[in-house]
Amino acid sequence: MSLKLVEILVLGQVLRLNVPVEQEELLRQAARNLDILVSEMKEKTGLIQLDRVLSIVAINLSFELTQEKNKTLQIEDVLRTKIQQLDHSLGSVRVLKE
């Protein structure tokens with residue numbers, strides 16, 4: 001995996017990060033999204049202290065990530081159950097053919 005030094009602008013600051021070449025655009029998009037989220041949170045809350053705004057944004061992002069992880073686990077459970085049911089059904093078909 002080849003790394004590339006990428007400069008991105010986040011919250012008015014230039015950051016230099018080494019990222020896999022194929023992930024550069026995704027990183028840039030994430031930085032743009034963060035800028036948008038921080039701006040929106042500043043507007044909604046009226047806060048001007050960047051550290052407080054960032055804390056709120058971080059909590060919101062962490063909450064959303066936790067929700068998505070839980071959804072993924074639920075989907076995995078459903079798929080696991082369906083696979084077990086299918087495997088059981090296939091086993092029954094094999095028994096009937098013998």
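The values are calculated or read from the model by the stated rules, or taken from the named source; none is laboratory data. Keep in mind it's a predicted model, so treat the numbers as computed, not measured. A quick note on method: Cβ atoms are made from the backbone with ideal geometry, for glycine too, and the neighbour counts reach across all protein chains shown. Protein only, heavy atoms only, side chains kept; ligands, DNA and RNA dropped before computing areas. Shrake-Rupley method; radii C 1.70, N 1.55, O 1.52, S 1.80 Å.
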>> Taking the solvent-accessible surface of protein heavy atoms with a 1.4 Å probe, what is the per residue accessible area of the chain in Å²?
In response: 84 Å²
>> What number results when the radius of gyration of segment 56-98, computed over Cα atoms, is divided by 2.2 N^0.38 Å?
In response: 2.03
> Given q = 0.10, 0.15, 0.18 Å⁻¹, what are the Debye log10 I(q)/I(0) values for the chain, with equal point scatterers placed on the Cα positions and solvent ignored?
Replying inline: -0.53, -0.80, -0.96
> How many percent of the accessible area of the chain is carbon or sulfur, using a 1.4 Å probe?
Replying inline: 58 percent
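For Val38, Val14, what's the largest-to-smallest order of accessible area, 1.4 Å probe?
Working: Val38 5, Val14 80 Å².
I get Val14, Val38, largest accessible area first.
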>> Give the aspartates and glutamates reachable from Lys44 as a straight Cα distance under 16 Å; neighbours fewer than 8 places away on the same chain don't count.
In response: Asp35
>> Can you tell me the orientation of helix 50-97 relative to the chain, as the angle in degrees between its alpha-carbon axis and the longest Cα principal axis, to the nearest 10?
In response: 10 degrees
> Could you name the aspartates and glutamates in cross-link range of Lys69, using Cα to Cα under 15 Å and dropping any fewer than eight places away on the same chain?
Replying inline: Asp77
> Amide H neighbours of Val6 under 5 Å, counting only residues 5+ apart in sequence or on other chains, H built in-plane at 1.01 Å?
Replying inline: Leu17, Asn18, Val19
>> For the chain, take the longest principal axis of its alpha carbons; what is the angle in degrees between that and the long axis of helix 24-45, to the nearest 10 within 0 to 90?
In response: 70 degrees
>> With unit charges on the beta carbons (Lys and Arg positive, Asp and Glu negative) and the dipole taken about the Cα centre of segment 30-98, which residue among Ile56, Ile36, His88 sits farthest to the positive side?
In response: His88
> Can you tell me the Rg and Dmax of segment 1-53, counting just the alpha carbons, in angstroms?
Replying inline: 13.4, 43
> Counting only protein chains, not ligands or nucleic acids, how are Leu79, Leu34 ordered by accessible area (probe 1.4 Å), most first?
Replying inline: Leu79, Leu34
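Quote the relative contact order of the chain in percent (integer), defining contacts as alpha-carbon pairs under 8 Å separated by 6+ residues.
Reported relative contact order: 15 percent.
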> Any idea how far apart Ala30 and Leu50 come out in nm if each label point goes 7 Å out from Cα toward Cβ?
Replying inline: 2.0 nm
